[in-house]
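The values are calculated or read from the model by the stated rules, or taken from the named source; none is laboratory data. Here the structure is a predicted model, which is why all the values come from computation and not from measurement. Here the Cβ positions follow ideal geometry from the backbone for every residue, glycine too, while neighbour counts run over all protein chains shown. Side chains included, ligands, DNA and RNA excluded: accessible areas come from the protein's heavy atoms. Shrake-Rupley method; radii C 1.70, N 1.55, O 1.52, S 1.80 Å.
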Amino acid sequence: MALMMSVMAACGRPPAPETAWTPEIPRTWDADALHAFEVPLADPAQSPVHVPADYYYALPERPIYKSYPVYAPGREPDGYMEWIAAQPPEIVFDPATLQTEADWIAAGALVFEAPIAYDAIIRVADLRNPDLYARLHVPTTPDGIVPFARYVVLEPGKVALGNVACAMCHTRVLDDGRVVTGAQGNFPFDAVLGMTSLRGMPDGAAGFLNRLLFGAPWVSHPSVATTEALTGAETVEAFGAIPAGVLARQGTSLLHPPRVPDLIGLTDRRYLDSTGVNRHHGIGDVMRYAALNQGMDTLSQYGPFVPDSEDGRTRPAPGQGQFTGASSRYSEAQLYALGLYLYSLTPPPNPHQPSPITARGQEVFQRTGCATCHPPPLYTSNRLTPVDGFDVPDEALATDDIHPVGVGTDPALALTTRRGTGYYKVPSLKGVWYRGPFEHNGSVATLEDWFDPRRLRDDYVPTGYRGFRVERRAVPGHRFGLDLSNEDKAALIAFLKTL
Ligand code: HEC
Ligand code: HEC
């Protein structure tokens, strides 16, 4: 290369353009940036205070190993597990080898697939157990691959199942077997936990787990106390009641879990999570989001409360956290590559093309005022809407982008949890054709159900997440479009599917 440059210089031509690309990596754990990232909680005194930077950077970095696909029972090539066991452990993420932006994005895909724990929650035997597949719908590709998890060789001769990679929750297999990375995931994660690691859990362990995951001791709503008091068997049942695409993430609620968002289109989104608990100013905030949600947020202080703590108050020493991911961290380069990768995700080709019916639907969309909150081209105003029972503080109108009128959906997730800001964000309508269930709790399976006025009735059977020991309940609020004629409604839905 040096020789070529000098030859070209000798010819009087400008040197070839530099192909190397130097990333400017923001510092993930920066106190000011973390502060700017947080929307205050509905009770601002309980807004989280995250671990200090010296704690965060004292954690060991996660090496990323070469990994191998998981096959459903009966679909594994002959001798597959023996073959993997014979492979040497190999570290595949090495920033020193990355030259171009495309290299960094490709490396980000490895981070997206990289487990943060091994054999910890779901084990090799679990995903090779035909019983699991007989009892739960675990989507697979036409090749029999289960694209939500990967096998890893950590030491010679030993194969582990990688757990809780981004890919486990943010991968969707469409009905035709296509895998859409980053889409609303459809691995039935919580139901799988109920059948595997949580099964047979003692009551005491359930109490600890439920406090760690869902504790919000300042909230007086009964769902918080009910969750903490669940026995082991009830906890298993509550996890088992959560369908694919909905997930009781830490800091939310076992009884009001959020649906998994679609990460395709993240670049244009100003708030993260259903409750908009984090602001998104750029790639640094994606890095912060990934670091926080893959372990760190259980070590934050909410008032005096620390979730991942024996006594609920004392933070464990660095590396001693019990929650998955709380004892290690991604490197700065890994987080940056991951952010670039997420920003690069694109939707699958849309089979729903414009037609006279969708043109009519678009006209209904305009006429019904949907665009007030879901304006094109993003089909979201990117604003927060207050839930019933929350008064928007004056300061918030200055610091955040708030549409001061709420839509009347169930307020529990926004008012009673560690992610509860008092708001739901206006979701984008792009990609609704390949996702679902819809609404912040994933209460309805399809768009047809979302626009069905019967969902407002107390005797409605939600077609998505119902609840723990709940058979019937209303899915209230967001009454827009419910009273359209059947033809207009069908046209509106046809239009939405083209987005
Ligand atoms: C155990 C399942 C799980 C894992 C693992 C997981 N996520 Fe998520 N993720 C969720 C759920 C559930 C939500 C929605 C939370 C909410 O709305 O309160 C979410 C929300 C998000 C959001 C907010 C997007 C939006 O528009 O609101 C981003 C960004 C995100 N996840 C990225 C990641 C990345 C990157 C990783 C890996 C580092 C990851 N997630 C790992 C389940 C998971
Ligand atoms: C006043 C603002 C507002 C208007 C007007 C509005 N929406 Fe929404 N929309 C929201 C909010 C906020 C949510 C999220 C509610 C929740 O999750 O609790 C939402 C959710 C949705 C969803 C579910 C998306 C998902 O990912 O779960 C669809 C679909 C939708 N709206 C379509 C429409 C259509 C079509 C119209 C017009 C008939 C409309 N909206 C009018 C604010 C609005």
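Assorted remarks:
- In region 347-388, the residues that are touching a residue at least 40 places away in the same chain (Cβ under 8 Å), within 9 Å of ligand 2 (Cβ to nearest atom) and part of a loop (DSSP other than H, G, I, E, B): THR368, GLY369, HIS374, TYR379, THR380, SER381, ARG383
- Of the residues making up region 310-325, those that are over 16 Å from ARG288 (Cβ atoms) and in contact (Cβ under 8 Å) with a residue 12 or more places away in the chain number 9.
- Residues of region 140-159 satisfying the condition of being open to solvent by 10 Å² or more (accessible area, probe 1.4 Å) and touching a residue at least 60 places away in the same chain (Cβ under 8 Å): THR140, ASP143, ILE145, PRO147, ARG150, LEU154, GLU155, PRO156, GLY157, LYS158, VAL159
- Here the condition is being of a type in the set (Ser, Thr, Tyr), within 16 Å of the chain's Cα centre (by Cα) and either within 16 Å of ligand 1 (Cβ to nearest atom) or at pLDDT below 95 (or both); of TYR336, TYR343, it holds for TYR343 alone.
- Selection count, region 392-411, where residues are among the acidic types (Asp, Glu) and open to solvent by less than 30 Å² (accessible area, probe 1.4 Å): 1
- Within region 422-453, tally of residues that are within 18 Å of ARG473 (Cα to Cα) and assigned to a loop (DSSP other than H, G, I, E, B): 10
- Any hit, region 240-248, residues being within 15 Å of the chain's Cα centre (by Cα), within 16 Å of ligand 2 (Cβ to nearest atom) and open to solvent by 30 Å² or more (accessible area, probe 1.4 Å): yes
- Just one of the numbered conditions (1) surrounded by fewer than 18 Cβ atoms within 10 Å (Cβ to Cβ); (2) within 16 Å of ligand 2 (Cβ to nearest atom) is not true of PRO95: (2).
- Pair list, Cβ under 8 Å, 6 or more apart: region 282-296 residue farther than 10 Å from TYR56 by Cβ, other residue within 16 Å of ligand 2 (Cβ to nearest atom): ASP285/LEU272; VAL286/LEU266; TYR289/LEU272; ASN293/ARG249
- Boolean, ALA414 is part of a helix (DSSP H, G or I) and either open to solvent by 40 Å² or more (accessible area, probe 1.4 Å) or within 14 Å of LEU496 (Cβ to Cβ) (or both): no
- Tally of residues being outside any loop (DSSP other than H, G, I, E, B), within 24 Å of the chain's Cα centre (by Cα) and more than 30 Å from THR399 (Cβ to Cβ) across region 32-79: 7
- Residue list for region 460-499, filter: open to solvent by 30 Å² or more (accessible area, probe 1.4 Å), in contact with a Pro (Cβ under 9 Å, 6 or more places away or on another chain) and within 23 Å of TYR423 (Cβ to Cβ): ARG473, ARG479
- Given (1) at pLDDT below 95; (2) in contact with a helix residue (DSSP H, G or I) (Cβ under 7 Å, 6 or more places away or on another chain), number of the condition THR399 does not satisfy: (2)
- PRO89 being surrounded by fewer than 18 Cβ atoms within 10 Å (Cβ to Cβ) and of a type outside the set (Lys, Arg): yes
- Residue count, region 161-194 (criterion: more than 16 Å from PRO139 (Cβ to Cβ) and among the hydrophobic types (A, V, I, L, M, F, W, C)): 5
- Qualifying residue in region 245-262 (condition: farther than 25 Å from PRO411 by Cβ and modelled with pLDDT of 95 or more): no
- Residue check, LYS430 buried (at least 20 other Cβ atoms within 10 Å of the Cβ), farther than 30 Å from VAL49 by Cα, within 16 Å of ligand 1 (Cβ to nearest atom) and in contact (Cβ under 8 Å) with a residue 12 or more places away in the chain: yes
- Of all residues in region 475-497, at least one satisfies being within 27 Å of ALA229 (Cα to Cα), in contact with a Ser or Thr (Cβ under 9 Å, 6 or more places away or on another chain) and touching a residue at least 24 places away in the same chain (Cβ under 8 Å).
- Which numbered condition SER220 fails, given (1) hydroxyl-bearing (Ser, Thr, Tyr); (2) under 30 Å from ARG128 (Cβ atoms); (3) surrounded by fewer than 21 Cβ atoms within 10 Å (Cβ to Cβ): (2)
- For region 107-152, a residue qualifies if it is of a type in the set (D, E, K, R), farther than 14 Å from MET195 by Cα and in a loop (DSSP other than H, G, I, E, B), and the qualifying residues are ASP119, ASP143.
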